[in-house]
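**Q** Before I ask anything, here is the structure I am working with.
The values are calculated or read from the model by the stated rules, or taken from the named source; none is laboratory data. It should be emphasised that the depicted structure is a prediction, and the values quoted were computed from it without experimental measurement. With ideal geometry, Cβ positions are generated from the backbone for all residues, glycine too; neighbour counts draw on all protein chains shown. When the accessible area is computed, the model is the full protein with side chains, heavy atoms only, and any ligands, DNA or RNA have been set aside. Shrake-Rupley method; radii C 1.70, N 1.55, O 1.52, S 1.80 Å.
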Amino acid sequence: MPEHGDEAVAWALRHPLDAADQHALDAWLARDPRHAGALLRAMAALTVVNRVIEEEGASAPGQAPLEARPGRRRLLIGMTGAIAASAVGLIGWRQFAAEHVTTARGEIRRLPLADGSVATIDSDSALRVVLADEQRRIALDHGQAWFQVAKDRSRPFIVDAGIAQARAVGTAFSVERREDGVEVAVTEGQVAVWPSAAGGTMTILKAGQYARFRSPDAAPVTGTAPAAIERALAWRGGEIALENETVAAAVARFNRYNHRQLVVDDAILSQERLIGLFQIDRPEDFAASLAVSFDVAVTTGPQTIRLARKKSPAF
C-alpha cells in the first residue's frame, strides 16, 4: 500500500465535492507534494474498480449503489499501487485505432467526438484521438484545441501535450502546445495538470486559471486571468481580441491564420500597444487600423503586407 494511500482513497471516493470539500482537498494536497501522486493513483484505480464491480452485476436488483458497498474501498486500496503508472498518463497508448486530425493554416474546425465531447481545433494544429473503454486520450502533437468534455466518471479525459498532461471528467479547457512550451487554461469546471516527467506533482486548476509549462520535469507557472483567457480564445469565433498587446504580438497572431503575412519594418512601431477586436482572416483591416492610429505606411503585395511609420518629408 503506497504511503498516503488511505487518505487518497478517501478523497477519490468523496465525489462530488462542495466548496468546503474542495478547500479541504486543496489544503491536503498542499501539505505534502506526495499527496498529489497518491490521489492520481487512487483516481485511476477507482476507474478500474467501478468497471470490475459493474461487470460482476452492479445493476442487479436489490444491490447497494457502488458508493455504499464496503468491498469497493478494500478493492480500491488493494489496486492503487498496482496501477500507479497509468495514473500519471505515462503508459504507452493502448492498441486502439487512433483518429488523426489536422488543420491547415487559417482553418478552425469543430470536431464532435463519439463520447459526446467536442474539440474545437485551432489553425495549424494536429492531434490524435483514442476513445478506449478505460479512458479517453488526446495526443496534441502541436497547435491548440479547446475541449468541452462530456461527463463520464468511468473514463477520465486526458490530454497529452508532450511535456505536460491534463486530466478532466466533465469541464471545458484549452491546451496549447508550441515550441516554447505548453499552456493549459480552464474556462469551466476543474482540471488536474502535471509535468510529464515529474510523477506526483499535480496542480488543480479552476475556471479562469491557467498553467504554463516550460519543462517536462518542473512545476508550471500558474495564475488567474479569466478575461485574458477569454480574449486568447477569441479564435473560436474567428476573431483576434487585443488588450494592450504589442503590434509585434498582434502581427504574430494574425500570421498564424493567414497566408498573406504581416511584416513590421519599424522596431519602434512593433512595440506600440493596441486595443481592438479584428476578424482573423482580414489582416488588411488590421493594417488599415494601424495606418490611422499610428500614421503607418502600408505596402501591400501578393504575399505580404508591410508596415512602417511614414517618414517625415525632408526640407
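**Q** Restricted to region 171-197, and to residues that are open to solvent by 20 Å² or more (accessible area, probe 1.4 Å) and not in a strand (DSSP E or B), which residue is modelled with the lowest pLDDT? Don't jump to the end; show me each part of the working.
**A** Taking region 171-197 as the starting set, the residues that turn out to be open to solvent by 20 Å² or more (accessible area, probe 1.4 Å) are 176-180, 183, 187-190, 197.
Next, only the ones that are not in a strand (DSSP E or B) stay: 179-180, 189, 197.
Values: Glu179: 91, Asp180: 91, Gly189: 94, Ala197: 84.
Going through the qualifying residues, I end up with Ala197.
**Q** Consider only pairs whose beta carbons are under 6 Å apart and that are at least six residues apart or on different chains; among these, list those whose first residue lies in region 195-221 and is without any contact (Cβ under 8 Å) to a residue 12 or more places away in the chain and whose second residue is among the basic types (Lys, Arg).
**A** Here the result reads Val221/Arg212, each pair linking region 195-221 to a residue that is among the basic types (Lys, Arg).
**Q** Being over 25 Å from His23 (Cβ atoms) and open to solvent by 60 Å² or more (accessible area, probe 1.4 Å) is the filter here; which residues of region 213-233 pass it?
**A** The answer is Arg214, Asp217, Glu230, Arg231.
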